[in-house]
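Chemist: Got a structure for you, written out below as structure tokens; questions coming shortly.
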Amino acid sequence: MRTAQRAYIFGLLLLLVLSACRREKEHTAPAINDKDSVAMLTSYGVNTLISDSGVIKYRVVTEKWEVNQTRNPSRWIFEKGLLLTQFNEDMHIHSYISSDTAYYFDRDRLWEMHGRVNIYTKEGLDFKSEQLYWDEMHNDMWSNRYSHLVSPERELRGSKFTASVQNNGELTAYEVHNASGWFMSGDYHKDTPRTPVAPPATPPTTEPQDSTKLKVER
């Protein structure tokens, strides 16, 4: 009798254990199939020089630098901010460019910058915006956000900014849409003396349209 009771209790316990095992869920992480999430190289605390065709062009200073060749298009990623020092052909510092976040699409030679974007050149030009694109291949630079530009000759604000970039890094032929600020009269008439043009005494009561723009040749 006791043997039968023990066998019954053992069988009941075994049944409970098997039932619990069936209800248990495995907690496993899904497989990583997206190669875009994997960077080929990640560096921290970077302070290095970048050359092009054997000529040093930039100094890169950043807290974190990712090189991702599996994304399409491939890119360098600077999510912790970037300070870019640009050198001219004589290896003299020409400009500083900084931003909170930056991407460099190496195959297209295109910079994309966001956040607090600032450019300062040796000519005294100071540019600020929340966005900047720089196409090194076609020597173009533009921003579709509010931009503020200050130079020794002028101060301009506008909703859109474009410029040409010379081989030595100098910005030329600015074009500012919905422009306001002050500038030299020579920006319109190069044969006349460069005298400051005063801003209006009272601001306009309506916002200027997108057709209002100022183009400055340097």
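The values are calculated or read from the model by the stated rules, or taken from the named source; none is laboratory data. Note that the coordinates shown come from a computational prediction; the quantities given were computed from them, not determined experimentally. Cβ sites come from the backbone with ideal geometry, for glycine too, and all protein chains shown count toward neighbours. Surface areas here come from the heavy atoms of the whole protein model, side chains and all, with no ligands, DNA or RNA. Shrake-Rupley method; radii C 1.70, N 1.55, O 1.52, S 1.80 Å.
Chemist: Considering each residue of the stretch 122-168, count those that are assigned to a loop (DSSP other than H, G, I, E, B) and without any contact (Cβ under 8 Å) to a residue 24 or more places away in the chain, and give that number.
Modeler: Here is the first cut: in the stretch 122-168, the residues assigned to a loop (DSSP other than H, G, I, E, B) are 122-125, 136-139, 144-146, 151-154, 159, 166-168.
Keeping just the survivors that are without any contact (Cβ under 8 Å) to a residue 24 or more places away in the chain gives 138, 144-146.
So the answer is 4.
Chemist: Anything in the stretch 124-155 that is at positive phi and open to solvent by less than 50 Å² (accessible area, probe 1.4 Å)? List them, or say none.
Modeler: GLY124
Chemist: If you don't mind, there's one more thing I want to ask. With (1) more than 21 Å from SER99 (Cα to Cα); (2) of a type outside the set (S, T, N, Q); (3) open to solvent by 90 Å² or more (accessible area, probe 1.4 Å); (4) at pLDDT 55 or above as the list, and TYR44 as the residue in question, which single condition is left unmet?
Modeler: Condition (1) is where TYR44 drops out.
Chemist: Considering only residues that are hydrophobic (A, V, I, L, M, F, W, C) and over 18 Å from the mean Cα position of the chain (by Cα), look in the stretch 150-170 and name the one that is farthest from GLY124 (Cα to Cα). It would help to see each step written out before you state the result.
Modeler: Of the residues in the stretch 150-170, the ones hydrophobic (A, V, I, L, M, F, W, C) are 150, 156, 161, 163, 165.
The next check asks that each one be over 18 Å from the mean Cα position of the chain (by Cα); those that pass are 150, 156.
Details: VAL150: 8, LEU156: 14 Å.
My answer is LEU156.
Okay, residues lined up against (1) over 13 Å from the mean Cα position of the chain (by Cα); (2) more than 19 Å from MET141 (Cα to Cα):
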site	(1), (2)
LEU41	yes, yes
GLY45	yes, yes
ILE50	yes, yes
VAL55	yes, yes
ASN72	yes, yes
LYS80	no, yes
SER99	no, no
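Chemist: Something else now. In the stretch 100-121, what count of residues is obtained for those that are free of Cβ contacts under 8 Å to residues at least 40 places away in the same chain, closer than 18 Å to THR162 by Cβ and of a type in the set (Ser, Thr, Tyr)?
Modeler: 0
Chemist: Output the number of residues of the stretch 78-97 satisfying the condition of being among the β-branched types (Val, Ile, Thr), within 18 Å of LEU132 (Cβ to Cβ) and surrounded by fewer than 19 Cβ atoms within 10 Å (Cβ to Cβ). Steps first, answer last, please.
Modeler: First pass over the stretch 78-97, keeping only residues among the β-branched types (Val, Ile, Thr): 85, 93, 97.
Going one step further and asking which of them are within 18 Å of LEU132 (Cβ to Cβ), we end up with 85, 97.
This time we only want the ones that are surrounded by fewer than 19 Cβ atoms within 10 Å (Cβ to Cβ), so: 85.
Total satisfying the criteria: 1.
Chemist: Follow-up. Using the structure shown, decide if ASP100 is surrounded by fewer than 17 Cβ atoms within 10 Å (Cβ to Cβ) and at pLDDT below 95.
Modeler: Details: surrounded by fewer than 17 Cβ atoms within 10 Å (Cβ to Cβ): yes; at pLDDT below 95: no.
Spelling it out, it is not the case that ASP100 is surrounded by fewer than 17 Cβ atoms within 10 Å (Cβ to Cβ) and at pLDDT below 95.
Chemist: Let me ask you something else. Let me confirm something: among THR70, THR62, which residue is modelled with pLDDT of 85 or more, surrounded by fewer than 15 Cβ atoms within 10 Å (Cβ to Cβ) and hydroxyl-bearing (Ser, Thr, Tyr)?
Modeler: Details: THR62 fails: surrounded by fewer than 15 Cβ atoms within 10 Å (Cβ to Cβ).
Only one candidate passes the filter, namely THR70.
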